[in-house]
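Undergrad: Dumping the structure here so I can ask a few things about it.
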Amino acid sequence: MDPIVNPLAVHLQTVKRRLIVIGGTILGWLLVAFSFSADIMAWMNRPFRNQLAFYGPTEALFASIKVSFLAAVILSLPVIFYQIWRLIAPALLPNERRWAVPLLCLAGGSFGLGLVFCNVVVLPLVIDFFVSFGLDRDVTPQLSVGTYIDFNVKFLLIFGFAFELPLVMTLLAVAGAVPATTFARYRKHAILAALIVSAVVTPDATVFTMLLMAVPLMLLYEIGILGAKFFGRRSADDRVDLPLDPDLPMGTAGTRIR
C-alpha cells in the first residue's frame, strides 16, 4: 500500500529547501563581500569625503559586517528571485509564467536603481546639509563609522524599496485590483501618506530629510499612475457598453457573448 503523501508537508519541505539555498547563497556572498568591505565602505563614504573614526574595539568590525551583508543580499537577488519563481511557478497560468521572469528582473533593477539614486543624489545632500550645519557653529565633524554606516544603510534600503512603488501599482492595475483612476483620485491622500511615511522611516525626523524622501515618493507615485494607465485593465467607468444582439448566443454566466 502506497504511503499517503501530505501536500502541506511536501510544500513545507520545498519552502525549506528554497530558504536553505537562499541562505547559503547569501552566506557565500557575505564571505566574498567581507574581503572587499574596505572598498564598499569607501564607496559609501563618498558623500562625506572625510576619514571616519571608531570609538569601540568592535565598531569597525560590525560596520564591515553590515556593509558586507548588504552587498551579499544585493548580489544574491538573482538567486532569491529565481527561488521565488520556482516556488510560485506551479500555481501560475502559462501566460502568467511568461511575464513572471521579466517582472522579477524589473523588480531587482528598480531596487538597484533606488540604491544608486540614494547614494549619488540623496545621501550627498543630506550629509552635506548636516555637516555644514555643524561647521557653521565651529564644530569639527568626527563621525563614528558605526553610526555613519547605519545611517547610510537605512537610507539605501528605504529608497531601494521605495523604487518598487511604480511596479507594485502597475501590477495592481494589471490584476484589476486597483484601476489607474482610483490611484489618480486618491492622489492627495497619497501625498499625505508620503509625508507621514517619510517622517516615520527616515533616520532623523527633520523637515529636510522628510522632503528628500517624500518628493521622490510623490514622483514615483505619479510614475505608477502612468504605468497603471498604460498597462492596467480598464475600469468599469471607462468601458463602452456595446448594444447586445438578441441573435447572439448566451454565455455560461447568463450574459450574451459579443
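The values are calculated or read from the model by the stated rules, or taken from the named source; none is laboratory data. The structure displayed is predicted, hence computed values, not measured ones. So basically every Cβ, Gly included, is an ideal-geometry build from the backbone, and we count neighbours across all protein chains shown. Surface areas here come from the heavy atoms of the whole protein model, side chains and all, with no ligands, DNA or RNA. Shrake-Rupley method; radii C 1.70, N 1.55, O 1.52, S 1.80 Å.
Undergrad: Note down all Cβ pairs under 6 Å where the first residue falls in the range 158-175 and is closer than 12 Å to Gly112 by Cα, the second is of a type in the set (A, V, I, L, M) and outside any helix (DSSP H, G or I), and they're at least six residues apart or on different chains.
TA: Once the first residue is closer than 12 Å to Gly112 by Cα and sits in the range 158-175, no partner that is of a type in the set (A, V, I, L, M) and outside any helix (DSSP H, G or I) comes close enough.
Undergrad: From Gly227, Gly146, Gly160, grab the single residue that is touching a Ser or Thr at 6+ places or on another chain (Cβ under 7 Å) and either hydroxyl-bearing (Ser, Thr, Tyr) or at pLDDT 85 or above (or both).
TA: Gly227
Undergrad: When you check Gln51 against the structure, is it open to solvent by 60 Å² or more (accessible area, probe 1.4 Å), in a loop (DSSP other than H, G, I, E, B) and either on the phi < 0 side of the Ramachandran plot or modelled with pLDDT of 90 or more (or both), yes or no?
TA: So Gln51 fits the description; yes.
Undergrad: From the list Ile80, Ile88, Ile74, Ile127, exactly one residue is over 30 Å from Pro47 (Cβ atoms) and either of a type outside the set (Phe, Trp, Tyr) or modelled with pLDDT under 85 (or both). Which is it?
TA: Testing whether each residue is over 30 Å from Pro47 (Cβ atoms) and either of a type outside the set (Phe, Trp, Tyr) or modelled with pLDDT under 85 (or both) leaves just Ile88.
Undergrad: Give me the pairs, please: first residue somewhere in the range 37-65 and within 24 Å of Leu75 (Cα to Cα), second residue anywhere and assigned to a loop (DSSP other than H, G, I, E, B), beta-carbon distance under 8 Å, and either six or more positions apart or on two chains.
TA: Met41/Leu52; Asn45/Leu52; Ala60/Phe54; Ala63/Phe54
Undergrad: Here is a follow-up. How many residues, within the range 152-200, are open to solvent by 50 Å² or more (accessible area, probe 1.4 Å), among the hydrophobic types (A, V, I, L, M, F, W, C) and not in a helix (DSSP H, G or I)?
TA: Residues meeting the conditions: 2.
Undergrad: Is there any pair linking a residue in the range 139-153 that is more than 13 Å from Leu123 (Cα to Cα) and of a type outside the set (Gly, Ala, Ser) to one that is at pLDDT 85 or above and open to solvent by 60 Å² or more (accessible area, probe 1.4 Å), with Cβ under 8 Å and at least six apart or on different chains, and which?
TA: Listed pairs, sorted by first residue: Val145/Phe54.
Undergrad: Is it the case that the range 80-102 has a residue that's touching a Gly at 6+ places or on another chain (Cβ under 9 Å), part of a helix (DSSP H, G or I) and free of Cβ contacts under 8 Å to residues at least 40 places away in the same chain?
TA: yes
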